[in-house]
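Right, one structure below, let's go through it.
The values are calculated or read from the model by the stated rules, or taken from the named source; none is laboratory data. These figures come from a predicted structure and were not determined experimentally. Cβ: placed from backbone, ideal geometry, glycine included. Neighbour counts: every protein chain shown. Heads up: the accessible areas ignore ligands, DNA and RNA and are worked out on the full protein's heavy atoms, side chains in. Shrake-Rupley method; radii C 1.70, N 1.55, O 1.52, S 1.80 Å.
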Amino acid sequence: YVAAVYEHESILSPAPAVPVERRAALELMGRNLDIYEQQVQAAARQGAQIIVFPEDGIHGFNFTRSSIYPYLDFIPHSHSGKWNPCREPYLYNDTEVVQRLSCMALQNKIFLVANLGSKQPCERWEPRCPPDGRFQFNTNVALGADGALLATYRKHNLYFESAFDTPAQPDHALFDTPFAGRFGMFTCFDILFYEPAVSLIRQYNLKQIVYPTAWMNQLPLLSAVEFQQAFSTAFNVNILAANIHHPTLGMTGSGIYTPVKSFIYHNMESYGGKLIVAEIPVITADYKTNLEKTPGRVSEKGEGKEQSPPSFYAEMMYDNFTFVPLWGEKGELQVCANSLCCYLNYQKAVLTDELYALGVFDGLHTVHGTYYVQACALVKCGGLSFSTCGQEVTDATALIDFQLWGNMSTPYIFPLLLTSGITLDFADHMGWKNNHYFLSKNRTSAGLLTAALYGRWYEKD
């Protein structure tokens, strides 16, 4: 099927904390919706059957709970497909934004997924009803090619979003299409948690995901395209991921991902939006990825191994990693922390004076969110001293053949393979063998930035 995602540079309110009238809010959002409309038309001309827009793309961000109120639409939270906002605009008040989106879908005969703010009145005596008498949700809508509202999803894992409420129960949002079967839907920070992302995929055996996001890149392990690809590979799903484009805030990185190929956009240099259109295969439930293949020889630990170089500590992504440096053109390394041991066999195909290190972290990550991580990571350091390992690096020249493995305690492993210029590569082999998870690659297509096993141990959050 042919899919489209649009990385949007939103027109933002100059003073988001200052309350405005609904009319002014609609005027600002209308300017973003004008751009959306052009992109829907462009995507439809290229044969796209579905288009996905980013999180916060229509209204922007940095609001307070009260200042976002005029920007919120009323959206009935049902999975009925019974309401067509374009054809029945008078059914509910304050639905101008969803009406416009519905009409774009209808006029261009395209499925459309967008993110907006929604409101739902509640009685103050109801449990969890906020003092102002309403719930405010960070909401995705999926609209059919006839304009009908097919599904809504209210973001569960909020990322410092004081303007919004968390729904009482995680939404499991699904919608069906004639061209690729069933899609699931979640938003941004949700991708790092079991609910609803993992439980949704497992419960419904989903193979297609739509994913609006407003992701601030964090190297070396959590840049947008890197993690989106890893998620696609780990769960054997196609992901249509639309990010916001604000390079000054570190926000870029969208793509259309399959487990074996991706079409990505990552651009920190220039401004303006970017439409990606790609034709991808529908994954059927029995489609096997290279996760099934068994990797090559695993060296038995301690078999005639030279002494490992000294280990050192350095901070990476706000976590205290234990590292060992890669000295020499080839070697076998191991480094452990808590219950996790990481192993690396490597050979540098091109010798450079860059410093690389193998790092391990097994613990609770507590900055910008709390979640338990088990990570084995081969990274390029920022400079030549140990203290630069874990820094954000975007360019590298070394080509390294490697096999990386670890005795991970969780089945949820995201294989990261990031190359120079924030480009992606695919492993030759990966998967489980002898209770260890492997990732191996000969000759990356560009200099190696990160090769990592990023494990999420959800039960220990």
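Observations, loosely collected:
- Full-stretch length increase - Ser270, Thr410 - with 0.36 nm per residue and alpha-carbon distance subtracted: 46.5 nm
- Surface exposure of the stretch 13-152, expressed per residue as accessible area with a 1.4 Å probe, stands at 43 Å².
- Exposure of Val2 as accessible area (Å², to 10), given a probe of 1.4 Å and all protein chains: 30 Å²
- Using alpha-carbon coordinates, inclination of helix 22-45 to the longest axis of the chain, degrees: 60 degrees
- Rounded to whole numbers, the Karplus 3J(HN,Hα) couplings from phi for the stretch 205-211 are 6, 6, 10, 10, 10, 10, 9 Hz, using 6.51 cos²θ - 1.76 cosθ + 1.60 with θ = phi - 60°, and x at Gly and Pro.
- Cysteines not pairable in the chain (beta carbon separation under 4.7 Å absent): Cys188
- Residue-wise HN-Hα coupling along the stretch 390-403, computed from phi with Karplus coefficients 6.51, -1.76, 1.60 (Hz; x: Gly, Pro): x, 6, 6, 10, 10, 10, 7, 10, 5, 9, 10, 8, 8, 10
- Rounded to the nearest 10 degrees, the angle from helix 96-108 to the longest Cα principal axis of the chain is 80 degrees.
- The angle between the Cα long axis of helix 224-235 and the longest principal axis of the Cα atoms of the chain comes to about 80 degrees, rounded to the nearest 10.
- Karplus-derived HN-Hα couplings along the stretch 143-152 (A = 6.51, B = -1.76, C = 1.60, θ = phi - 60°), whole Hz, x at Gly and Pro: 10, x, 5, 9, x, 5, 7, 8, 7, 10
- Dipole in debye (nearest 20) - the chain, about Cα centre, beta carbon charges: Lys, Arg +1; Asp, Glu -1: 760 debye
- Förster radius 22 Å - calculated FRET efficiency between Arg124 and Ala168, Cβ distance, rounded to 0.05: 0.85
- Proximity of backbone amide H atoms, modeled 1.01 Å from N, is registered between Gln218 and Ser223, Ala224 at under 5 Å, excluding neighbours fewer than 5 places apart on the same chain.
- Counting only Cβ charges, +1 for Lys and Arg and -1 for Asp and Glu, the dipole size of the stretch 312-460 around its Cα centre is about 300 debye.
- Solvent-accessible surface of the stretch 312-460, taken per residue with a 1.4 Å probe and all protein chains present: 36 Å².
- Amide H contacts of Phe414 (H built 1.01 Å from N, in plane; Pro and chain starts excluded): Tyr454, Gly455, Arg456 sit under 5 Å, all sequence-distant by 5 or more or on other chains.
- A DSSP coil position with no more than 11 other Cβ atoms inside 10 Å describes the following trypsin sites (Lys or Arg not before Pro) in the stretch 8-115: Lys82.
- Note on the chain: Kirkwood hydrodynamic radius from all Cα pairs is 23.0 Å, rounded to one decimal.
- Distances between placed amide hydrogens fall under 5 Å for His365 paired with Tyr371, Tyr372, Val373, all partners being 5 or more residues away or on another chain.
- Beta bridges from DSSP with both residues in the stretch 2-279: antiparallel share about 70 percent, rounded to the nearest 5.
- The stretch 101-125-the stretch 378-405 distance, computed between alpha-carbon centres (Å): 44 Å
- Modelled spin labels at Arg22 and Tyr204, positioned 7 Å past Cα toward Cβ, are 3.1 nm from each other.
- Apolar share of the accessible surface for the chain: 51 percent from carbon plus sulfur atoms, 1.4 Å probe.
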